[in-house]
Structure formats: structure tokens, C-alpha cells
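Before any comments, here is the structure.
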Amino acid sequence: MIQGNDRGGYTVPTRRLYPYQWNWDSCFTALGLYHVDRDRAWLELTGLLDAQWDDGMVPHIVFRKNDPDYFPGPAMWQTGTKPPTSGHSQPPVLASVLRQLVEMGGADDLEKARSLFSKVLRYHRWFATARDPDAKGVIAIIHPWESGRDNCPDWDIGMNAISVPDNLERYARRDTAHVQSDQRPTHEQYDRYLTIVQFGREASWNHEMIYRNGPFLMADPGIQFIFLRANRDLLSLARQLDLEQHYSEIQDLIHRFSEGSAWLWNDAVGGYCARDIRTGEFSSAMTNASMLCFYGQVGTDEQNQSMTAHCRRILSLCKYGMPSWDPSHAAFESQRYWRGPVWVIMNHMIIKGLSDAGETDLAERLRADTKQLIEMHGMAEYFDPVDGTGLGGMDFSWTAAIYLHHLHAYELSVES
Ligand code: DGY
């Protein structure tokens, strides 16, 4: 299946719905590919890094060939880069995947990681400056798409505050030609997504200007904890590679973003929530991104207990975990993209975090759910937490990749 999505050096998430190279899709795909073809797995990552911007950003989509089946394509973004790309990033899982490949592999893999190390470090510096220019220790996203969790209710606060300009360029969506519209974001949401893209384009993708004046600026527990974990993994790689000159810089990043994570703790719900950076307003429920606190290794013992209790409660409410929005909250929709469904790449990271934290029973529950979902309901993009239905795009690369990886890592007892 992953081979069927291979376009010669890069893998599309699925045909038609997503016909280009996506940042975090490619990273997770490399993790799965590694078990069948190591060189091809590395090529996936080196290809992604070939699209790195001069300022260090690794964009969320790389448009290698124009494909009218997808909207918004390169003409909407107008980033002026070669190859053409989108104008913002996506959850930086790259360093963590690199570390996993090195840990599963040998000397060759370590040398490949060495050849990519400085690019990945530049990517982390970009996140730390462009997305936290005042060094508060809180990573911002400038578009819900940057979080990878496009239409999660987390973003409703920031999205509702966006006024769609009269001169918003007219557009025709393509996603709803490929997937049922009740499994995708709404038209009102798309108008706002495009408003942010139009702002970025008019600002020539000047990220300082977008941070200060853009239509949307929120903190995401997902990106915050993924970035923190990525820095811990980058430090481990630096140590394995004896790159001593980089230790203190990466340690400083870990310190700064660990401290900053406290700003995402919402006392009202006893957990980590998304938050509007400009107004301080919190989102009001637990998500699968909140559960990445264990993966990021943040929080006091008391906070961790509260998060574990949320995790147990939410899992008791659904047949398959981890849903992308709390099923007890009014905004839960079991089939609509990031407003309820289970995503196995998120499960993969949550399982890692829970295992590291010694929460073995919770990790085991999620591992079993992940396996069962895929074996019973196929290689879908996402799944209904109530009945397991496979949703969104089918023959999905990252779902196949996580299945392969878990098979090797947990069942054939290779190190994860
Ligand atoms: C889409 O087109 O739905 C993507 O999620 C944007 O990255």
C-alpha cells in the first residue's frame, strides 16, 4: 500500500485527497518504511529536507507536481520557493523519527542521521524564533493546519475571531469531492483557513509580521509537547554523534519549553488545553494532543495524576481510544475529522509517552485498540471511536506505516 502511494522518492498520504508530500505524514511513513526498505525510508526524510526554506522552516506541504485534484495548491500559497511549498510548518516529529531509525539500526543509520543533523537543528531554531519570538517558552501556530489537527474544537476560539474579508478570493474545494462532507471541515471553517492563507500571501510569508498581526495565533499542546520531545530526541542524537558543541543550545530549548508548558495548564478542567496567545482564553476540553504531555515529559506529579485520570475516564467512554475530542463534551462528533475520531499516529506518540511514564495498562489498552482498529477496519485516515468505522481517505500511508512499525516493535520484539 505504501508502495502504491510512492511517487518516486516521496510518498503521498493517499491518492487524490492528498496528492503531494506532507511533512509529518512523510516522517511517520519513513518509520514504517524502515522495516521493509531502509534506504527508501531515509530518502523520504532527505527529500522532505530538500524543501527546507532558507530560514530553516520545513513546510507542511511540498508541491512537487501540480495536481488540480487538491485545493489549496501552489497558486494559492505563492511562496516563491523551489520546489513550491505551503507557507507554514506542521508538528515537528522529524527529530524523534530520526532517533527511532538510529535506535533500530546500525552505524550506517547513525551516519545518515549525522548528515541531516544540522538541517534538523536549523528547523528547531526556526520554530523557537518564528513561533516564539518573545522567548516565552510557548510555541504558537499561525494556522490550524500547522497543528495538523485542522478542525479540532480547540481552534474554535481563534477561528471565531477571524473576520472573513469581502475580498476573499473565490475558491472551489476539492476535498469534499473525495470524502463525505460530514467527515470534513465545514465551509465556514474553510473560509477562515483561506483568510489566513491570503494574509500570509499578502505578507509575503514574513513570519514576524504574521506572528504579530496575523488573523490567528494559538498555542497547541500537540506542537508544544511534540517540539519538546523532538528536542529531547535531538539531544540524544547529538550525544550519540558526539556533537558536544550543540548540547547546551538544545538543553536550553528543552528548559525553555518545559517551563513554558505550564502556561497551557487549564485549572478549570485540570488538564493541558489549547490557548489563544493574544487573549489568554483557554479551550475547554481534553484532546488526544493534551495526552501528549507524557510524551513531552512535562508536569508535576499532581498534574500527571489528573491527566492519567482524564485518560482513564475518556477511554471508559469509547470503544476505541484515543478520541481527538472528549466524548463527554457537547462539541464531540465521532466522525468529523479532528472533532472526535481516533488517529493512529497520535496513538503511537501517546503510547510512547504513557509507556515511558510507567502507565503500562493505559499504553497496552491503546496499543490493542490501534491494532484492532486497523485489522478490523482497514488502513483508513482516521476512525470512529464509538464503532471503529474507517473514515476519510483510504489506503492511508501513515496508518499502514504505524501498523508495520507496531508489528515489528511490539510483536516481533524489535526495539521501538
Ligand atoms: C487538508 O487539506 O485537509 C490538509 O489537512 C491541510 O494540510
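For the reader, a short list of remarks on this structure follows.
- Packing around the peptides 6-15, 106-115, taken as the average count of other Cβ atoms within 10 Å per residue, puts them in this order, highest first: 6-15, 106-115.
- Total charge dipole magnitude, region 20-68, about the Cα centre, Cβ charges on Lys, Arg, Asp, Glu only, Debye to nearest 20: 140
- Note on the chain: dipole from Cβ charges, positive end direction compared against Tyr171, Gly358, Gln90; the farthest Cα belongs to Tyr171.
- Restricting region 40-100 to trypsin sites (Lys or Arg not before Pro) that sit in a DSSP loop and have at most 16 other Cβ atoms within 10 Å of their own Cβ leaves Lys65.
- Over region 174-277, relative contact order from alpha-carbon pairs under 8 Å, at least 6 apart, %: 26
- For Arg131, distant residues with modelled amide H under 5 Å away: none
- Taking Cα centre as origin and charging only the Cβ of basic (Lys, Arg, +1) and acidic (Asp, Glu, -1) residues, the dipole magnitude of region 214-365 rounds to 540 debye.
- Sorted largest first, extent of region 252-373 alpha carbons per principal axis (Å): 40, 32, 23
- Aspartates and glutamates with Cα under 12 Å of Lys119, excluding same-chain neighbours fewer than 8 positions away: Asp50, Asp54, Asp55
- Only helices enter the 222 nm calculation for the chain: every DSSP H run of n ≥ 4 contributes -39,500 (n - 2.57), and dividing by all residues gives -14500 deg cm²/dmol, rounded to 500.
- A Förster radius of 30 Å, combined with the Cβ-Cβ distance separating Asp55 from Glu281, puts the computed FRET efficiency at roughly 0.50.
- For Thr389, the residues whose modelled amide H falls within less than 5 Å of its own, excluding neighbours fewer than 5 places apart on the same chain, are Asp384.
- Listed peptides 223-233, 243-253, 271-281, 371-381 by packing density, highest first (mean Cβ within 10 Å): 223-233, 271-281, 371-381, 243-253
- Label positions at Ala135 and Ala268, each projected 7 Å from the Cα along the C-beta direction, are separated by 3.2 nm.
- Mean separation of Cα contacts under 8 Å, 6 or more apart, over the residue count of the chain: relative contact order %: 18
- From most to least packed by mean Cβ count within 10 Å, the peptides 382-394, 292-304 give 382-394, 292-304.
- Reported value for the chain: 127 Å³ per residue, from the convex hull of its C-alpha atoms.
- Here the simple spin-label model places points 7 Å from the Cα toward Cβ, and for Asp191 and Val36 these points are separated by 4.4 nm.
- Summary value for region 79-200: 25 percent relative contact order, contacts being C-alpha pairs under 8 angstrom separated by 6+ residues.
- Extension reserve of the Ala203-Lys82 stretch, reckoned as 0.36 nm per residue once the Cα distance is removed: 41.7 nm
- Label-point separation, Ser328 to Arg15 (7 Å along Cα→Cβ), nm: 4.5
- Reachable lysines from Lys65, criterion Cα separation under 22 angstrom, eight or more residues apart if same chain: Lys82
Every number here is computed from the coordinates shown, using simple stated rules; none is lab data. This is a predicted model, so every value here is computed, not measured. Positions of Cβ are generated from backbone atoms using ideal geometry, with glycine treated the same way; all protein chains shown enter the neighbour counts.
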